[in-house]
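**Q** Below is a structure I'd like to ask you about.
Rule-based calculations on the coordinates, nothing more; no lab input. Quantities reported herein were computed from a predicted structural model and do not represent experimental measurements. Here the Cβ positions follow ideal geometry from the backbone for every residue, glycine too, while neighbour counts run over all protein chains shown.
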Amino acid sequence: MGKLEKKVAVITGAARGIGKQIALTFASEGADIVIGDIITMETAAQEIRSLGRKVVTVKVDVSSKQQVKNLFDTAIDNFKKVDILVNNAGIVRYASILDMSEEDWDIVLEVNLKGVFLCSQAVAGYMIQQKYGRIINIASIAGINSIPQGLTSYATSKAGVIQLTKVCAIELGPYGINVNAIAPGIVITDGLYAGRTQVETELFIKERVNLTVLDRVGTTQDIANSSLFLASDESSFITGQVIAVDGGRTGLK
């Protein structure tokens, strides 16, 4: 029996990258999956079905309260419950504090922070009724203390996610709901290659490897494994925590 047998997980931003790997890992451990994303989700859905699990896809902009409501209404209509929420959807806009436009600032905060708030608020009522739930927020080490230049709005949004995690843990804990965050370091995803040449990408990765204690960058499976732990009953006495999955970069090097 898998660690998430008979569980239902809603995962935002799960069409690709970290979110997709979390979805596949949860499915391999017995969970049925609801994917919420703004891009096509069929490839991820097919891979989940190949693991023998049920999957529902919902197009959703997590910064829209109405669309978030539809996401969870759809989950309940199809599965009658939600046991796990992974708030993974996020975006980044690169600019210094001097160059950041108001529009770019707003959209990053809307998706990365408001989206976590809306999804957590929407699922909390269902989890309170069943007196059980796991909420996992994908933050970033940029929200702790490792802040490269140009991540003005992104770092701010992820720091907000970390504080929101702690607030939700306090308020929802009495109802049997655990709320934690994962703060990834640099992780190899398709997005890492966007806008960079092969040479630029290799240099970027090499520079980040040198910042870690373990002398490698992360994989999507590294984040998925940590998410599985927090989603499972193995972490039942852990809440309000932020786990840095960064190869020892935060506070060590």
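**Q** Among Val199, Val179, Val68, which comes first, then next, by fewest other beta-carbon atoms within 10 Å?
**A** Values: Val199 8, Val179 29, Val68 25.
Least to most surrounded, the residues fall as Val199, Val68, Val179.
**Q** Using a Förster distance of 22 angstrom, determine the FRET efficiency expected from the C-beta separation of Gln221 and Asn145, and round it to 0.05.
**A** Calculated value: 0.30.
**Q** Moving on to the next point. Can you list the equivalent-ellipsoid semi-axes of the stretch 1-71, largest first and in whole Å, using the square root of 5 times each Cα gyration tensor eigenvalue?
**A** Numbers: eigenvalues 85, 31, 17 Å².
Square roots of five times the eigenvalues give 21, 12, 9 Å.
**Q** List Val10, Val245, Val123, Val209 from most exposed to least, where exposure is judged by having the fewest other Cβ atoms within 10 Å. Please report the intermediate quantities before stating the final value.
**A** Values: Val10 29, Val245 19, Val123 25, Val209 14.
Taking fewest neighbouring Cβ atoms as first place, the list is Val209, Val245, Val123, Val10.
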